[in-house]
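The values are calculated or read from the model by the stated rules, or taken from the named source; none is laboratory data. For clarity, every value in this text was computed on a predicted model and none was experimentally measured. Ideal geometry is used to build each Cβ from the backbone, glycine not excepted, and the neighbour counts take in all protein chains shown. All accessible areas refer to the heavy atoms of the entire protein, side chains included, with ligands and DNA or RNA removed. Shrake-Rupley method; radii C 1.70, N 1.55, O 1.52, S 1.80 Å.
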Amino acid sequence: MSYISAALLFVAAMLAGVMNSVAGGGTFVTFPTLIFTGVPPIPANATSTIAVWPGSLASVGAYWKKLPRTNTILLPLTLVSIAGGLLGALVLLNTPQATFMHLVPYLFLVATLLFTFGKKISGGLGGILKSGQPLSGLAIGGAMLVQFVIAIYGGFFGGGMGILMLALLAMIRMEDIHSMNAVKNLLAAAINGAAVVAFVVGGAVRWPQAIVMIAGAVLGGYGGAHLAQKLDPKLVRGFVIVVGFGMTAYFLWRY
């Protein structure tokens, strides 16, 4: 790894940490940067995941006071996030490199569309369970199933999973955006943490690149979580969408 590659990876990870804590979409920066610096696709995805995970933990710490303390569904969602993240990572490790690379443009396209229409998705689902009654067992089970599917996707690739989780939280009647971001960050950390275990055991991580990116992601994640209450999320979302469509077009042309 050259000094130029190291500098690019550090800046990309720091930017991803900020993006993930404000609006999500860090994968749109870290994954392509690893590809551009010569890392094969599956190791790039694994290294990207392990690089941004400490940043996710830093964001959880910064949002800790915003986590709901009496929400009975938080623990079940966390547990299914761990299980789904692990399963998604195992599926990735057993996917041929060429097959995964052919999927990448479409994964980027799906993720970008989720970012583009994320507010409409969240708003549309937010009214489904409006009621003064506590969540029923059926509603909790349904939310766990949806989160499990999101977690599988998160362990496999993960771009746009934050939008999906915000939509789910809106559906189960969470309304405070800071509490929703706190829960989203916790669940993302659980998904990525489980995936990290699989990637490390499977030997898919490029450690020199990962160490450089971890430093940048932690700095960006912690700082971004504090900036999130001051920075206009529309600007960050706009940047993510432009990058997402740009990367989709590039990978469609390249592969």
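Overview of results
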item	result
Solvent-accessible area, 1.4 Å probe, carbon plus sulfur percent, for the range 23-66	65 percent
Sequence ranges 142-152, 189-199, 44-54, ranked by mean other-Cβ count within 10 angstrom, highest first	44-54, 189-199, 142-152
Nearest-0.05 FRET efficiency for S2 and K65, computed from C-beta distance (R0 41 Å)	0.45
Neighbour cut-off at most 11 other Cβ (10 Å), DSSP loop, trypsin sites (Lys or Arg not before Pro), the range 26-95	R69
Per residue accessible area in Å² of the range 1-55, where ligands, DNA and RNA are left out and the probe is 1.4 Å	31 Å²
Per residue accessible area in Å² of the range 144-187, where ligands, DNA and RNA are left out and the probe is 1.4 Å	30 Å²
Global geometry of the range 132-212, whether rounded, prolate or oblate, following the gyration tensor of its Cα atoms and the 1.5 cut on a/c	prolate
Rounded to the nearest 10 Å², the accessible area of M14 at probe 1.4 Å	60 Å²
